[in-house]
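Enquirer: Right, I'll just put the structure down here and ask away after.
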Amino acid sequence: MVSLFKIIGLLAIGVAMAAVTLASHELFVGTKETSACMQCHVMRPYGNDMVDPESNLLAARHYRNGWIHEKQCYQCHVDYGFAGSVTAKMDGLRHLLRYTTRTYTEPIGLVHPFNNQNCLHCHAGTPKYVAESMHDMMADVIASNETPCTSCHGDSHPSRERRSPGHADYEALMRAVELPR
Amino acid sequence: MNHHTAAVGVIIAMLITIAYVLDPGPYAAFAFAFAALPLLAFVIVFYYLREMIRELRHRDVL
């Protein structure tokens, strides 16, 4: 007959395995959610501007018009393909390390230039994109990241000045983010 | 690594893991990614696998 001790032991192992599975899922999948990004206060300016119906910056326009339905940060900032996912995870761990050890300075910024391919993944080949002759004329510099999409289409997020402590907009941008969806 | 050290390591890793599951924030995520997971991996590799190999060798399987 199986002793009570063994049953408790097996239950404990089951609970432990479930906890590790859940935690790993949260770490590697749950962190794709926009709400996960907004848990770090340095990300609040990006989130607050994105959900601001008055903002005309690129991220806000994409959000307001529902062009990206979910995981907005992840969809735009993670390079596509397997290598993109791996790089994103490595970047995420680096962000965790820098944030929790407070080895960063405000306002934060991108380490690498934004990859135009992340925009082109959705926009390239669409009738609106093809109809704009400038896209064809600048195809090489767009593909090589020499000219970022934002140089014509405007900034995606609030400028470094607005995100810097002391700026008039800083307090408003740093309030807790309320994501409606 | 003896039984006691391995057990303490697993218990610490599990406490961090459960804390992260219950309240997933950046600090709990950091503790889970940089402490709990490496600790669990270390214990599994250096204790349980070693014990398993020793047992299999003892039974002349390996």
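Throughout, read-outs are computed from the coordinates displayed, never taken from laboratory work. Values in this document were obtained by computation on a predicted structure and should not be read as measured data. Every residue, glycine as well, gets a Cβ built from its backbone with ideal geometry; the counts of neighbours run over all protein chains shown.
Enquirer: Report the longest stretch of chain A that contains none of the chymotrypsin sites (Phe, Trp or Tyr not before Pro) sitting in a DSSP loop with at most 14 other Cβ atoms within 10 Å. If you can, show how the numbers build up before the last one.
Expert: Details: sites that count: A:W67, A:Y80, A:Y104.
Segment A:105-181 is the longest.
Enquirer: While we're looking at this one, here's another question. Would you mind checking the tilt of helix A:82-100 against the longest principal axis of the Cα atoms of chain A, expressed as 0 to 90 degrees and rounded to 10?
Expert: 80
Enquirer: Per-residue ellipticity at 222 nm for chain A, helices alone: DSSP H runs ≥ 4 residues times -39500 (n - 2.57), over residue total, nearest 500 deg cm²/dmol?
Expert: Working: 12 runs with 99 residues, N = 181.
Computed mean residue ellipticity for chain A: -15000 deg cm²/dmol.
Enquirer: Just checking the output field for A:23-32: average partner chain Cβ neighbours within 10 Å of each residue's Cβ? Please list the in-between numbers first.
Expert: On the way: counts 15, 6, 1, 6, 8, 1, 0, 2, 4, 0.
Per residue, the number of nearby Cβ atoms from other chains is 4 on average.
Enquirer: Next up: May I ask for the distance between the Cα centers of the range A:71-131 and the range B:26-50, given as a whole number of Å?
Expert: The range A:71-131 and the range B:26-50 have Cα centres spaced 28 Å from each other.
Enquirer: Quick one: angle between helix B:49-58 and the longest Cα principal axis of chain B, in degrees between 0 and 90, rounded to 10, please.
Expert: Roughly 10 degrees between the two axes.
Enquirer: Where in chain A lies the longest segment free of GluC sites (Glu not before Pro) that are both loop residues by DSSP (not H, G, I, E, B) and have at most 10 other Cβ atoms within 10 Å? Before the final figure, lay out each step's value.
Expert: Values: sites that count: A:E54, A:E70, A:E178.
Answer from the scan: A:71-177.
Enquirer: Still on this model: For chain B, what does the relative contact order come out to in percent, with C-alpha contacts under 8 Å and a separation of six or more?
Expert: On the way: 31 pairs, mean separation 23.8, N = 62.
Once divided by the residue count of chain B, the mean separation gives 38 percent.
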